1. Within region 51-74, track down each residue that is modelled with pLDDT of 50 or more and under 12 Å from G20 (Cα atoms).
2. Within region 94-105, identify whether any single residue is under 16 Å from G149 (Cβ atoms) and surrounded by 18 or more Cβ atoms within 10 Å (Cβ to Cβ), and answer yes or no.
3. Starting from region 151-170, keep only residues that are on the phi > 0 side of the Ramachandran plot, then list their pairs with residues that are small (G, A, S) and surrounded by 10 or more Cβ atoms within 10 Å (Cβ to Cβ) whose Cβ atoms are within a distance under 9 Å, requiring at least 6 positions of separation or different chains.
4. Quick check on this structure: which one of D27, D100, D85 is assigned to a loop (DSSP other than H, G, I, E, B) and modelled with pLDDT of 75 or more?
5. Condition first: assigned to a strand (DSSP E or B), closer than 29 Å to V19 by Cα and of a type outside the set (V, I, T). Can you find one or more residues in region 161-172 that meet it?
6. Taking the residues in region 110-159 that are touching a Gly at 6+ places or on another chain (Cβ under 8 Å) and among the charged types (D, E, K, R) as candidates, determine which candidate is surrounded by the most Cβ atoms within 10 Å (Cβ to Cβ).
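The values are calculated or read from the model by the stated rules, or taken from the named source; none is laboratory data. The shown structure was predicted, so the numbers you read here are calculated from the model rather than taken from an experiment. Ideal geometry is used to build each Cβ from the backbone, glycine not excepted, and the neighbour counts take in all protein chains shown.
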Amino acid sequence: DGVAPSSRGLADAMSDLGVGGVLLPADGTTRGSSRAALTARLDTVPGLARVTEGQDSVLWRVDLSGASGAQTSTGGAWATLRDADGKVLRALPTPGPGVDETLPARDAATTLVLASHAHRHWRATLDGRSLATAGGGGTWQQEFAVPAGKAGHLVVSYDAPHRALWLWSSGVLLLVVVLLALPVRRRRVVLR
């Protein structure tokens with residue numbers, strides 16, 4: 001159903017979930033004619049553009065640009081601002097696994113939705129103030145409540161629980177290796 005040529009809303013649905021691409025690996029699960037048929041079907045899905053084809057895999061990008069080049073949806077955005085009804089108001093640029101963006105003034109409260117599983121280590125701040133999680137709807141995605149108000153600087157990050165321990169341990173190990181690599185002067189033993 002998802003890869004039928006008539007699946008006009010498939011790319012929009014994938015974009016809303018934050019999916020930016022589709023990869024068909026050559027891992028042995030699709031063979032011969034079934035792989036060729038699946039590739040042909042994916043080629044005909046509106047909103048999917050083939051990016052590359054290698055010996056091992058084929059990659060399609062979710063491309064929702066219209067004929068004029070104007071963006072018609074979130075474009076596979078990982079982070080979006082949504083209104084109370086769940087309608088996407090704005091897709092936020094995310095160069096990596098986080099957000100660092102200035103938000104415009106907002107007349108109403110919005111919800112920041114990340115295309116990532118909800119987890120207690122996600123942190124979001126607006127002008128340095130922590131945002132409350134808003135996952136009351138039982139969704140799998142991480143959500144934060146963004147209050148109405150003036151423009152502000154939004155930062156989203158994932159605080160890995162053991163990151164500080166790993167950094168500290170790596171530093172100690174590096175210090176030990178450097179100390180062991182230093183040349184040591186031997187004492188001369190004088191026999192009488």
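1. V51, L59, W60, R61, V62, D63, L64
2. Within region 94-105, one or more residues are under 16 Å from G149 (Cβ atoms) and surrounded by 18 or more Cβ atoms within 10 Å (Cβ to Cβ).
3. Listed by first residue and then by second, the contacts come to nothing, as the list is empty.
4. D85
5. no
6. Filtering first and then ranking leaves E143.
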